[in-house]
Amino acid sequence: MIDYYEYETSPRKIEPEYEKTTRKKTNTQKRNKKAKSKSVDYSRKTAKYIVEIAFAFIVLLLISYRYALINTRFNEKENLKSQLADLQKQNAQLQLNIERGTNINNIEQQAKEKLGMKKLDNSQKVYVSLPKEDYIESSTETVVTGEEETWWQALINDLFGN
């Protein structure tokens, strides 16, 4: 389309009398280049913002993952502590039962009730008489501890008669 009006009989000129200057083209080209550079700068800035947001998201994701690991380890530790407390309580109860069970009166009562045992009568007792002689013999032998002689010492002792 034609961008200008001419003041003659016709409101518009169908064909321009002169050619457009290159100046306008260069200005439009410069404008286009500026617009393109602005759009490239804008796209670079948006890409930079997207990368920064993605980096922040990854950092937050790593922090939350680390917190989840810490939380699971803490829960495991607390479960082990509660199991330890239960086992210690059970151990204390078993030791108390052992102490109660080792009482001589309880043992005697259990033997009478469960096993049907009775105390000995005089008729059930058997006495054995042993002679009062002492069967221990004292040793009269003396033990000589000495070093063994080597073959050349034995030879020298035989020669000199020691």
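Rounded to the nearest 20, the Cβ-based charge dipole of the stretch 36-158 about its Cα centre (Lys and Arg +1, Asp and Glu -1) stands at 2580 debye. Toward the positive end of the charge dipole of the stretch 34-155, about the Cα centre and with charges on Cβ (Lys, Arg +1; Asp, Glu -1), which of Ile50, Thr150, Asn75 goes farthest? Of the candidates, Ile50 comes out farthest on the positive side.
No lab work stands behind these numbers, since they all come straight from the coordinates. Because the structure is predicted, anything quoted here is derived from the model rather than measured. No Cβ is skipped: glycine too gets one built from the backbone with ideal geometry, and neighbour counts run over all protein chains shown.
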